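What follows is a single structure, written as structure tokens, with notes after it.
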Amino acid sequence: MNIRLLQNCIEDCHLAEIVPGFEPLDFRHNPRPGLREFQIFDELYAADVHRTADIVGAVSSRFHAKGLLNGHDVRRWMDESPGHDIYVVNPRPQNVYLCFNNFDRGQITHQDSQLQQRYQRVLDLAGVALDIVNVGRQHNQNYGMCSYWFGSARFWQRFMEELVLPVIRLSRSQLGEDLYAFLYEPTPYWGVSEHRAGALPHLLERATSIFVDTRFRTSAIHYRHTRQQILDCCLYPFERDLVETFGDQVDDWDRASHYDQEAMAYFRHANLHAMNGRQTYMTRYPLDFGHGDPRPHFPWFHKDNAPVDDRVKAAA
């Protein structure tokens, strides 16, 4: 299987910091920063780059910093699991233990209780037949983040033609002033970013998981993290505590695909606990993946109950 793993290089420094196993994609012209990675997908698709290999993906320079995997890890996994249209890597696998689905988090992060309804209005105007309001459970076998996926030409064509292009081609007059402002004016966001985007890239990123699950369920595969990998990806002590304490129970609920009152109460409380915790920690310690893995620089990282990787041990 011929695989191309592209790393999006937006800044000069990105070209000098290529994640092992990835091929640099020079995108320093960055004409539409408000679209984030979706402007890159648009240009790659228009240039037929998606047809240059069996599987093609283009991910941000933060790929390793977020998910602690490199291109060799991804390629090895793909080679061991050939024949799929799309390969999805979730760089924040701990999140599924903290909330029922991504939208429970998003409403808090973006300070918008009507977030999904606004998303749905945009999709409806674009003619995208996707229900983004009635979203069920999202777990590590049907959910991804950050557009960290790698797809076949078949996936690329349907993804671009049925989801991305109809949305990004909506005009201001088609959207109306309220929805246009929603998509293109800066939205509340807790992380560190070179460009504060509107809701548009967040909408498309979240819609991607639903698109994959509804259109490519039988030909999609999601990277299966070990429990230790999930713990290593945790950014804060409370994330690790929730995974260690409740991880087996959450896995049992997901295996049974049954979420009773006890399960829903857990997800509701865990989400509030995690999101309030993140806001508290991030106010004092901004989360920035732009300069590599931030975990070793957090003061709680070196405590006995926090993961310490071999690189940090060697430097100690």
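The values are calculated or read from the model by the stated rules, or taken from the named source; none is laboratory data. Not measured: the values here are computed from a predicted model. Here the Cβ is made from the backbone with ideal geometry for all residues, glycine too, and neighbour counts use every protein chain on show.
Of note:
- Any pair with Cβ under 7 angstrom, 6 or more apart, that starts in the range 34-50 at a residue that is more than 14 Å from Gln7 (Cβ to Cβ) and ends at one that is modelled with pLDDT of 95 or more and basic (Lys, Arg): Gln39/Arg32
- Of all residues assigned to the range 64-86, at least one qualifies as being of a type in the set (Gly, Ala, Ser), touching a strand residue (DSSP E or B) at 6+ places or on another chain (Cβ under 7 Å), farther than 30 Å from Asp252 by Cβ and crowded, with 18+ Cβ neighbours inside 10 Å.
- The set of residues in the range 91-114 that are without any contact (Cβ under 8 Å) to a residue 60 or more places away in the chain and outside any loop (DSSP other than H, G, I, E, B) comprises Asn95, Gln107.
- With respect to (1) assigned to a helix (DSSP H, G or I); (2) without any contact (Cβ under 8 Å) to a residue 24 or more places away in the chain, the lone exception for His258 is condition (1).
- Cβ-Cβ distances below 8 Å connect the following pairs, each with a first residue in the range 265-286 that is touching a residue at least 40 places away in the same chain (Cβ under 8 Å) and small (Gly, Ala, Ser), a second residue that is part of a helix (DSSP H, G or I) and surrounded by fewer than 17 Cβ atoms within 10 Å (Cβ to Cβ), and a separation of six or more residues or different chains: Ala270/Phe246.
- Candidates Thr208, Thr283: the one that is touching a Ser or Thr at 6+ places or on another chain (Cβ under 7 Å), closer than 26 Å to Gln111 by Cα and among the polar types (S, T, N, Q) is Thr208.
- Number of residues in the range 15-63 that are assigned to a strand (DSSP E or B) and either buried (at least 16 other Cβ atoms within 10 Å of the Cβ) or hydrophobic (A, V, I, L, M, F, W, C) (or both): the value is 7.
- The range 133-249 holds helices (runs of 4 or more DSSP H) entirely within its bounds, and those carrying 3 or more residues that are of a type in the set (Phe, Trp, Tyr), modelled with pLDDT of 95 or more and buried (at least 17 other Cβ atoms within 10 Å of the Cβ) map to 153-159.
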